[in-house]
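Data first, discussion second: the structure below is written as structure tokens.
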Amino acid sequence: MDVDADEGTHMADNFVTVIDTNKIPAGSLAVVDVRGTRIAVANVGGRFYAFDDTCTHEECSLAEGDLAGTTVTCMCHGAEFDVRTGEVLAPPAPLPVNAYRTRVEGDSLQIEV
Amino acid sequence: MAKSYVVVGTSLAGATAAITLRDGNADARVTLIGAEREPPYERPPLSKAYLRGEAPFEKALVRPSSFYADHGIETLFGARVTRIDPAAHRVELVDGVLGESVGQAIAELHRAHGVRAIFEDSVAAFEGTSRVARVVTKAGLRLDCDMVIVGIGIEPAVDMLEGSGIHIDNGIVVDEFCQTNISGIYAAGDVANHYHPVFDRQIRVEHWQNALKQGAAAARHMLGGGVAYDEIHWFWSDQYDANLQYAGFHTKWDELVVRGRLDSGSFLACYVTDGRIDAAVGLNRAKDVRRAMPLIRARRPVNLAQLRDEGVDLRSLLPSPDATSTSDAGSKPLG
């Protein structure tokens, strides 16, 4: 279980299972659909981070980008985001993306939505 | 070594010069360059038999179009010479920044979307009463329109620096720290003709990324903490549903190495000199363009077969940082 991501969750949580963790090798990205929202998932050395897949610049898929450490680079125009927080690290993205808490139950990755 | 002759101008004079050079020296390298896309042709028929429609254009050719290749005369038709450097015995061309094959692939993208490109002609007039209704070309085309977009380029605004002693040459000349020849005066962005340490030359760039990064680089040096500005220049253009990106800097190349097919609507074309990538242009290949940037920065030869192989991740082509030290038996890298 991912200790950081699980911090502060309570009984009545909103975590939903989205993908098998084995489908996201370390250093890679995947995209999942959660109730109609495309969410990107990054595996940074065994730790999973989730954030909105749609770049705030021109709506390209961030999961199509490259992951280096905790930075994802949008392939369309080079915007960079911190996968941990969704914060913009490099323009042209004007706004951050939402970040979601994650936890691992067995082989299942869960995202709080 | 065989002599090398370059003839600029595909006129009757240029063509006869090239033909005479070939006749007089069978071993020489003879290159004929001209802005027009057609092989050299005679002008008199244009106002006579050809104009009257009594003779085909081919009859006006100085030599049949196959003549030049048959006689070992290299031709660059549709290529405009911008500058002749007499000291270096070099001719610089404007056409061919991307190269003919890549240029054609991008032209095809436009053709497929119903855009007609007209070359070797220019605008003579805009017509209309209260607003533009028509463009008339020098060749006599009359094109109805609702709107005209004119790409006028830019001229660096350097008038204010006249008499300042600041070195001006194709913009404001600055070093790798964005500083002019006068200490404390900096320039960045479109106006700055900057020394680029990766490419070891002055470059002036009119793109978004350079404006963003170079302004910050100049400021950091003013604050006393600057490092050399060595950004790999990069730009994008979204055309229709296609994403076009270019990274690096090149004016010439030995070899064009293509991942994918130029006619497929998705490719990466790398401009390679001495085995190293100077620049890459990608059509719907943003990931490859971004992954090529470290290869461009490395300035080291890459395995061209792997570069061409779409199954190979470009990140794996980057020479390892200790590649030189490990091959040096005498010095083992620390750590």
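Please check: in the Gaussian network model of chain B (C-alpha springs, under 10 Å), which one of B:Arg52, B:Arg83, B:Arg291 has the largest mean-square fluctuation.
Top of the fluctuation ranking is B:Arg52.
Relative to 2.2 N^0.38 Å, what does the C-alpha radius of gyration of region B:88-187 come to as a ratio? Two decimals please.
Details: Rg = 20.9 Å, N = 100, 2.2 N^0.38 = 12.7 Å.
Relative to the 2.2 N^0.38 Å estimate, region B:88-187 comes out at 1.65.
Using only the Cα atoms of the protein assembly as shown, what do you get for the radius of gyration and for Dmax, in Å?
Looking at the protein assembly as shown, its Cα Rg and Dmax stand at 28.0, 94 Å.
If I take all pairs of Cα atoms in region A:4-113, what percentage of them are more than 25 Å from each other?
On the way: 909 of 5995 pairs.
For region A:4-113, the share of Cα pairs beyond 25 Å comes to 15 percent.
For the protein assembly as shown, what does -39500 (n - 2.57) per DSSP helix run (n ≥ 4), summed and divided by total residues, give at 222 nm, in deg cm²/dmol to the nearest 500? Don't jump to the answer; show the numbers that get you there.
Details: 8 runs with 72 residues, N = 448.
So the calculated ellipticity at 222 nm is -4500 deg cm²/dmol.
Taking the radius of gyration and the Kirkwood hydrodynamic radius from Cα positions alone, what is the Rg/Rh ratio for chain B, to two decimal places? It would help to have the intermediate numbers written out before the result.
On the way: Rg = 24.4 Å, Rh = 24.0 Å.
My calculation of the ratio gives 1.02.
Give me the one-decimal nm value for the distance between modelled label points at B:Ala117 and B:Ile203, 7 Å along each residue's Cα-to-Cβ direction.
Modelled inter-label distance: 2.3 nm.
Just want the ordering: A:Thr70, A:Thr54, from fewest to most Cβ atoms lying within 10 Å of their own Cβ.
Working: A:Thr70 16, A:Thr54 20.
Listed from fewest to most nearby Cβ atoms, that is A:Thr70, A:Thr54.
Just want the ordering: A:His77, B:His207, B:His196, from fewest to most Cβ atoms lying within 10 Å of their own Cβ. Before the final figure, lay out the partial values.
Details: A:His77 22, B:His207 14, B:His196 18.
Lowest count first: B:His207, B:His196, A:His77.
What does the extension gain come out to for B:Ala87 and B:Asp159, with contour length at 0.36 nm per residue minus their alpha carbon separation? The partial results should precede the final answer.
Numbers: separation 72, 0.36 × 72 = 25.92 nm, distance 3.02 nm.
Fully extending the segment from B:Ala87 to B:Asp159 adds 22.9 nm.
Of the trypsin sites (Lys or Arg not before Pro) in region B:98-194, which ones lie in a loop per DSSP and count no more than 15 other C-beta atoms within 10 Å? If you can, show how the numbers build up before the last one.
Numbers: sites: B:Arg111, B:Arg116, B:Arg131, B:Arg134, B:Lys138, B:Arg142; in loops: B:Arg116, B:Arg131, B:Lys138.
Those that pass, being in a loop and sparsely packed, are B:Arg116, B:Arg131, B:Lys138.
In whole Å, largest first, what are the principal axis extents of the Cα atoms in region B:177-301?
Sorted largest first, the three principal extents are 51, 34, 21 Å.
Note the full-extension length gain between B:Arg80 and B:Ser47 as 0.36 nm times their separation in residues minus their Cα-Cα distance, in nm to one decimal. Display every interim value, and only then the final one.
Details: separation 33, 0.36 × 33 = 11.88 nm, distance 2.52 nm.
Once the chain is fully extended between B:Arg80 and B:Ser47, it gains 9.4 nm.
Provide A:Val104, A:Val18 in ascending order of the number of other Cβ atoms located within 10 Å of each residue's Cβ, fewest first. Before the final figure, lay out each step's value.
Details: A:Val104 16, A:Val18 21.
Lowest to highest Cβ neighbour count: A:Val104, A:Val18.
For B:Lys59, list the lysines whose Cα falls under 18 Å from its own Cα; do not include residues on the same chain fewer than 8 positions away.
Hits, sequence-local ones excluded: B:Lys48.
Laboratory data are not the source of any read-out in this text; all were calculated from the coordinates shown. Quick caveat: nothing in here was measured; it's all calculated off a predicted structure. Quick reminder, even Gly has a Cβ in these numbers, built from the backbone with ideal geometry, and neighbours come from all protein chains shown.
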